[in-house]
Every structure is written in C-alpha cells, then in structure tokens.
Amino acid sequence: MNPPDDVLSKIKQRLDKWAYEQPVEKVYLQMDKPYYAAGDDILFKAYVVSGSNHTLSTISAIVNVELIDERDSITRSVKLPLSFGTASGDFALPDTLHPGNYRIRAYTNYMRNAGSDYFFNKTITIINPLTQGKDSSKKSFSPMHATGRPDVQFFPEGGYLVNGIATKVAFKAVAPNGLGTAVTGTIIDSKGQQAARFNTLHLGMGVFDLTPMAGLTYQAKITYADGTEYTIPLPTAVDKGYVLSITDSEPQNIRVKVTTSAPLFGEDPNRQLTLVAQNGGKIYFSAKTTPGKAVFTSVISKRTFPSGITQFTLFSATGEPLNERLLFIQHPDQVNLSMTTDSPVYAPRQKVKIFVEAKNGDNKPASGNFSVSVTDETKVPVDADAENNILANLLLTSDLRGYVERPAWYFNRVYNEARPALDVLMLTQGYHRFEWKQLMKDGVPAMQYHPENSLQISGTIVMAGTSKPVANAKVNLYDLDSIQYSRDTVTDDRGRFVFKNLTFDDSVRFIVQARNAKGKKDVDIKMDKMAAPVTSGNRNKPDFELSTNFLSVYAQSSKQLYEIDRKFGLGNHVITLQEVVIREKKELLKYSANLNGPGNADQIVQSKDIFDWGCVNIADCLEGRLLGVVFRNGIPYSTRGFRPMQVILDGMYVDGDYLNSINYNDIQAIEVLRNSNYTAIYGSHGANGVLLVTTKHGGDNDAPETIFGRGITTYYPKGYYKARVFYSPQYNLPKTNKQLADLRTTIFWKPDVLTGNDGKTSFEFFNAGSKGLYRVVIEGVDNEGNIGRQVYHYKVQ
C-alpha cells in the first residue's frame, strides 16, 4: 500500500500534467437576439477563455461557428480569427430559409479533444414571417410530441447508498418533452414502512434524507402532477462503503463529512483516505482522514474556491476514486458593470448615449473586452431565465454534460435564494472532462486535435497511381486570384508537406503543384481534409419548448420589416419572378441537357451568381437560394414531401451527394425543375424534382482555366470569414431611410466595447421610430478573467 502522501502527490502530479498539457478551453457567444426570422442577420461575439480563472485564451487562434438545422445538418459555417481570445461574426439568413428549430454551435479545434458535449450550443427558433401565422407559429415549432409518464431518477450523494449511514438522495423528474416536472412521493421500505417523503424543489428536482438499513430494500411511490401514481425501486444500498456529504447552507463556509460504514471500518480502522477538490485541473483543497476514526469532518471557507463548479473526489489509500460530489460556488467578485444614460426618457429616433463603468470585486476599475446589444423588447420579448447568459454558460453549463433547464435562472436570483436549487442541480449532474480512473492509471490521454494557431494547407505526395510516399518532392502553392502570391516547400520522408501561418479569406482558390526530386510530375497530390465534428444529438432540444411563447409578437414585427425591405430592395431577400418569358436562349445555357429545352425551368442560377456567393461547397452556396429546395448533408430535397431530388450532371444521372464534389468554378448554370410540367418528361426520376447541373466548356468567356493531370490540383480550403459591420442608421443624415430604420428590432449592436484603465467607456446610437421599452445587454470578460453581465432598460415614449 502506498503511503497517503504518495497518493496525494500522484493525484497532484497527474492533474498538473493534464492542466498543463490539455488546459480547459471554452467558447461563449453573445447574440443580438434570442430568436430570428428568415431574412434576419444573426449577429454574435465569441469569447474563448481558458482555465478555471476564465482569462481570454491564448491556446487557440481560430474559432468555428456553425448554424445547424433540426435534421442535424450544418447549413452555415464560418471560421473566425481570434484577436486576444475574441471574434465577431454573423450569419445572413435568406428569406427562403426553411423555418424551424436551429442551433448555433461554436468550438475550437482543440476543444474537440474533450468531446462535443463541451462545445457551445445555443438553441434558436427561426420563423418565416410570410408563412407563419400568428397562432400557428407556436404549434409548428414544438419539437417534442412524445407521450408517456415522466422519467424519475434518484442520485445518492457521493454515488451510492450505504446501509446505516444517513445520506442525501437527490431526484430528477423529466417529462416526455425533456423538461422538469413537479412530483411528490414517499419512500417505502420492504416492510411497508414509510422511510421518507419528498417533493419537487425546482424544475423537477428535489432532495430528501434517507438512512437505509441492512436487509431492507426501498421503493419510491411517486405521484405525478395529473394525479397518477407509479412505483420504482431505489438504488440498492451496500453494506461496505463510504458516504461523502457536503452541506452548503452557510453564507461563508461549507461543511464536508466523510463517513465509513461500520463493517468496512472494522476491517481496518487505520485505513486512510484522501479528499481532493479541484476546478479546471487545479487543486484548491486536499485533506486526509484521521486513522482510527470512522467519521471525518472539515469546515472550509468558500473563499478557498473560485466561482464555478468544484469537483470533490474521495480516494482510497491506493489512489482509487471512491466517491464524487460537485459543488457550485458563486462569489460577488465578477465584473460589476453599470450603465447610465444621458437622459431618463427618450423619444423615437432620438440619439442615445450610454456610459459604461466596469469595476472588479475590489471595487477598482476593470479594463476589459465587452459586447453590447440593444433591442426593442416590445417587439422582441425575452424570457430572462431561458435566454443565453455568459455567467450561466462559462461558470455552469460549459462544465456539465447533459441538459440544464433554464440555467440563467440561477444567476438572475439572489444567490441565497438560488443556492438550494443549485446544490440539487449539482447532485443530479455529472462532471466528465476526464475520468479519474484513466487519469490515475494511464495519465493524460494523447491529444488528437491540436490548437489552430493559423490557417494551414497540408497533404501527402505519392507516386502516381500508388500510395507510396515521395520524399523531397517540391510543392508549390499559388493563389488563382493573385498569381503573385506563392509559397513553396518540400516533403518529408513520409511524403508530407504543410504550408503554415497562412492568412486568406473564405472562398479563396489555390493551385497546388508538385514535382518529385528529379523534377518529374508523375506524382499524385492528396490534400488533407478535416471533417466537422458529428452533429447528431442536440442535448438542448427541450429549450425549444421554452422559446415559442413570444414568437407571435416577433413574427408580426418581422413581417412589417420584410415588406419594407422588399420595397426598397434591401435585406437578405431572393427576388421571385412571377412570370419568365424566354425570348432568346442565352449562350449561357447552350450546353444544357434539359429535356424541356435549355432554360425551361422553375428557376435558373447562373455561374456569376455562384461565384459572387463565395462558398466552398456548392450545397452551402445554394442553401436558402433555391425556391422549394433544402439541403441535408449536401443532398437536395424538395420541400414537397422532403424526398431527395434527382441530380443530373451534364446529362448523367448522379447521386445527390455528388454535388459537393463539383468545383463551383466549373459550373455554368443550375436549373431547378419542381413543377410537373417540367418534371413529367423525366418519369419516375422526376417524381421529387430535378436539379440540372451544366458545367463549363472550353471557350466559355467566364470559364477559368481548368487544370487536370498529374502533379497539379486545385484546392478550395475554408478561409476566414470577414464579419460585416452592423449598420446603425443616422437620423440626422438626409439619406437615412427612416421608414426602414423605424422597424428595426435590433436597435444597436457593438461587439467591440473596450473599457480603459479607468474602467469607463461609452457608445451612442439612434432609437428606432417606435415607442416601447428598450433593453440593453452588455457582457464580457476583463483582463483578469472576471466575467461581467448587466441588463439595462430605458423608455422610448
């Protein structure tokens, strides 16, 4: 048996190694609104932080942000360069976007080592003001229609029940829609005697005390909200074991208690255990039990721990983890943000100036990086307990697996009010950023995904027609749009090459050329491609049940804005032609294989349009731009029946997923056939619609040089997305469209609000033309890693 000091030393050594080699990195996005309409812009600011102190990260230099639909397909994605751990971006939603339940996912490549459970995920609902009625909007977005009784689970504190030892038992009752539901009940032993009573404390969760006795089993008799009853067994108690208990009922301290069962204590009264409390890989408290005593107690100041989740783990004398308990600590040491305006009340279209002051927990000026969103809450009602929140995300949900309902609720209440509910949440959730058994046995697992510090292009050079690597091959990289830009390198012994420290925008076009050591071109180039993380399994799906209450209000204002946008030709809108009369077959379609005749289609997309869109994958370019067509994993589906459409490439019938293998620069035109008068000629192949793709031919004026053959290839990597600047109307300028500006729902968005050494800054903007209650939300992180959030309201009348 190892001496106890050696156990603690090993624990600390393994944790230090893990924290040093694989420190925790998190992403949070502040967004301008909680929900959107087709035609809107989704605006966001990314904060990437690391460690238990949440300082802005220097680990990664790139963050990925994706818009994922309810079928788990990525419909939009951007790659953003981080500057001091932050970046801003946007998604333009075309007005043809299919309404439904979406989510925003954000992560760094390095974060993939911990798994997608720890990515940033925010559920959003996107409506279409043209198709959604005032009453139907709620019905159509309800994601869960499951029936059946609620699921109830029980969680003994520390991990399991031990006979003869009083133990807190938490429970969680979840309705079929994924949300917590109220229950009451009693615990009955196998003799028919009542051992405990329980009822819900918060969102389906509660806790009760139970002292199980040897020889008895226990059942919970549960009464649901509708009066029905059901009985389920409790976890079976063991005779030999430990109970780790933490009491968090005092303002300044917590009380920790470790109890050894009598049979186990009798076997070895001098057995010594080690208790460790860590956050983000750093140990903040450790202690050893006293030999000869079956009960260990300790009173610990809460100031010992940082804000957030601390994991308490009890180890055996050989370093085996025995019990675990999570504890949430919240200190008033975050950034205190205050906002004041230059007037208590404003008029529509009046200029507003807001002054911001940031102070740390010591009441000293805080220099930091923040972002602000101003919305008209009359048009964009908000459920503050269900919305996104930087405190709830970085301190709570980012460290937990599984769904947490209304996490902002715990931070919108006075801590003493929320503390009992938070503690029950800790008893029912799990922390799994690492597994103790693996960490203590095998050490830190190998890093599979490395931090991205810059864009890079890499691949392998092999002998033509083989998989044999070519060493010392010369590789050149050229930019098709800027031929003066070039790089060169040579391959290593494995035929590998890499161009590092690159900076290029999205949709850039490269040529990669390779020659062997003798200058011969009989080589093949295999470019590296990194697939996106799997998108299945949205743990926050129950949030959609919470987001539908205000959609009818937002739909009405969005429809008004849409009509004005269309009137003035603005916004993310597709122009729908009522009738198309083709008087002359354009040269652009002269190679079309359309059986109806070139140009006889419901919609035509031309090559110049696709080039202007600047997407890497053709499906990404077309998503939201083809009427009545949606894409799922690159495959086109008709909205009539949602079945795959037939794709025809230059007269050849190909599978739907073949689209993304086509270089968009090689496409001359795409014709969409959906109506029966165009699809009938294709028989059964046209039953679900047809997508006709015509590629460019030699001699076309707009056809780029097509490069084929060995030793050369074209490559279209995903580069940096350049975020658009938010347009803030200036009513004092003569060219401002007042009618359009008046209907804004996002009044102002500024992702780069920086406080100086005095902790102060200010910004100004114009109100919209409507009266109402305006809501200002500012969030961010100071230079020391302290998190700040403040909500401010003012009236426009």
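The values are calculated or read from the model by the stated rules, or taken from the named source; none is laboratory data. From a predicted model like this one, the values you see are computed outputs, not experimental measurements. Don't worry about glycine lacking a Cβ; one is built from the backbone with ideal geometry, like all the others, and counts go over all protein chains shown. Accessible surface is based on the protein model in full, side chains and every heavy atom, while ligands, DNA and RNA are left aside. Shrake-Rupley method; radii C 1.70, N 1.55, O 1.52, S 1.80 Å.
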Report summary line: For region 445-457, pairs from a residue that is over 16 Å from Asp528 (Cβ atoms) to a residue that is part of a strand (DSSP E or B), with Cβ under 9 Å and 6 or more apart or across chains, are Pro451/Glu25; Pro451/Ile62; Asn453/Ile62; Asn453/Lys500; Asn453/Asn501
**Report entry** Residue match in region 18-26 (condition: in a strand (DSSP E or B) and buried (at least 18 other Cβ atoms within 10 Å of the Cβ))
**Finding:** yes
Query raised in the report: Which one of these does Ala294 not meet: (1) open to solvent by less than 20 Å² (accessible area, probe 1.4 Å); (2) in contact with a strand residue (DSSP E or B) (Cβ under 8 Å, 6 or more places away or on another chain); (3) of a type in the set (Gly, Ala, Ser)?
Result: (1)
Report task. Check region 109-119 and report whether any residue there is within 20 Å of Glu779 (Cβ to Cβ) and part of a strand (DSSP E or B). Result -> no
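Residues checked against (1) touching an Asp or Glu at 6+ places or on another chain (Cβ under 8 Å); (2) under 30 Å from Ser286 (Cβ atoms):
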site: Ser9; (1), (2): no, yes
site: Lys12; (1), (2): no, yes
site: Met31; (1), (2): no, no
site: Ile42; (1), (2): yes, no
site: Val49; (1), (2): yes, yes
site: Leu82; (1), (2): no, no
Requested in this report: Provide a single number: the residues in region 307-360 that are within 30 Å of Asp6 (Cβ to Cβ), touching a strand residue (DSSP E or B) at 6+ places or on another chain (Cβ under 7 Å) and in a loop (DSSP other than H, G, I, E, B).
Outcome: 1
Report task. Among the numbered conditions (1) in a strand (DSSP E or B); (2) open to solvent by 20 Å² or more (accessible area, probe 1.4 Å); (3) not β-branched (Val, Ile, Thr), tell me where Leu216 comes up short. Result -> (1)
Query raised in the report: Any residue at all in region 231-243 that is open to solvent by less than 50 Å² (accessible area, probe 1.4 Å), of a type in the set (Gly, Ala, Ser) and either closer than 16 Å to Asn323 by Cα or touching a Ser or Thr at 6+ places or on another chain (Cβ under 9 Å) (or both)?
Result: yes
Requested in this report: Could you list all residues from region 620-630 that are open to solvent by 20 Å² or more (accessible area, probe 1.4 Å) and outside any loop (DSSP other than H, G, I, E, B)?
Outcome: Asp620
Query raised in the report: Among the listed residues Arg105, Arg112, which satisfies the condition of being in contact (Cβ under 8 Å) with a residue 24 or more places away in the chain and either within 23 Å of Gly628 (Cα to Cα) or out of contact with any strand residue (DSSP E or B) (no Cβ under 7 Å at 6 or more places or on another chain) (or both)?
Result: Arg112
**Report entry** The lone exception for Lys359 - which of (1) touching a helix residue (DSSP H, G or I) at 6+ places or on another chain (Cβ under 7 Å); (2) within 30 Å of Gly280 (Cα to Cα) it fails
**Finding:** (1)
Query - Test set (1) under 30 Å from Ala392 (Cα atoms); (2) polar (S, T, N, Q); (3) at pLDDT 95 or above - Thr460 fails condition number - result: (1)
Query - Residue among Leu337, Leu391 that is under 16 Å from Glu779 (Cβ atoms) and surrounded by 22 or more Cβ atoms within 10 Å (Cβ to Cβ) - result: Leu337
Report summary line: Residues of region 631-648 being touching a Lys or Arg at 6+ places or on another chain (Cβ under 9 Å) and part of a strand (DSSP E or B), in sequence order, are Arg632, Tyr637, Ser638, Pro644
Report summary line: Of the residues in region 352-363, those that are open to solvent by 10 Å² or more (accessible area, probe 1.4 Å) and at pLDDT 95 or above come to Lys353, Phe355, Glu357, Lys359
Report summary line: Here the residues within region 714-746 that are at pLDDT below 85 and not in a loop (DSSP other than H, G, I, E, B) are Thr714, Lys738, Gln739, Leu740, Ala741
Report summary line: Scanning region 681-699 residue by residue, those over 22 Å from Phe642 (Cβ atoms) and crowded, with 19+ Cβ neighbours inside 10 Å turn out to be Thr694, Lys696
Query raised in the report: What pairs can you find where one residue is in region 662-680 and touching a residue at least 12 places away in the same chain (Cβ under 8 Å) and under 16 Å from Gln646 (Cβ atoms), the other is open to solvent by 50 Å² or more (accessible area, probe 1.4 Å) and in a loop (DSSP other than H, G, I, E, B), and their Cβ atoms are less than 8 Å apart, with a gap of 6+ or different chains?
Result: Val672/Asp602; Val672/Leu627; Leu673/Asp602; Arg674/Asp602; Arg674/Leu627; Arg674/Arg640; Asn675/Asp602; Tyr678/Asp602
Query raised in the report: For region 458-467, does any single residue satisfy the condition of being of a type in the set (S, T, N, Q), under 23 Å from Asn786 (Cα atoms) and either touching a residue at least 40 places away in the same chain (Cβ under 8 Å) or open to solvent by less than 40 Å² (accessible area, probe 1.4 Å) (or both)?
Result: no
Query raised in the report: When only residues in region 80-102 that are out of contact with any strand residue (DSSP E or B) (no Cβ under 7 Å at 6 or more places or on another chain) and more than 28 Å from Met447 (Cβ to Cβ) count, which is surrounded by the most Cβ atoms within 10 Å (Cβ to Cβ)?
Result: Thr96
Requested in this report: Would you check which residues across region 58-113 are of a type in the set (Gly, Ala, Ser), in contact with a helix residue (DSSP H, G or I) (Cβ under 8 Å, 6 or more places away or on another chain) and closer than 25 Å to Arg433 by Cα and list them?
Outcome: Ser60
Query raised in the report: Residues in region 253-261: is at least one open to solvent by 20 Å² or more (accessible area, probe 1.4 Å) and assigned to a loop (DSSP other than H, G, I, E, B)?
Result: no
Report task. Scan region 154-200 residue by residue and report those that are assigned to a strand (DSSP E or B), more than 24 Å from Leu327 (Cα to Cα), open to solvent by 20 Å² or more (accessible area, probe 1.4 Å) and touching a Leu at 6+ places or on another chain (Cβ under 9 Å). Result -> Asp189, Ala195
Report task. Test Ser77 against the criterion of being in contact (Cβ under 8 Å) with a residue 12 or more places away in the chain, open to solvent by less than 10 Å² (accessible area, probe 1.4 Å) and not hydrophobic (A, V, I, L, M, F, W, C), and give yes or no. Result -> no
Query raised in the report: How many residues are open to solvent by less than 30 Å² (accessible area, probe 1.4 Å), at pLDDT below 90 and not in a loop (DSSP other than H, G, I, E, B) if we restrict to region 394-437?
Result: 1
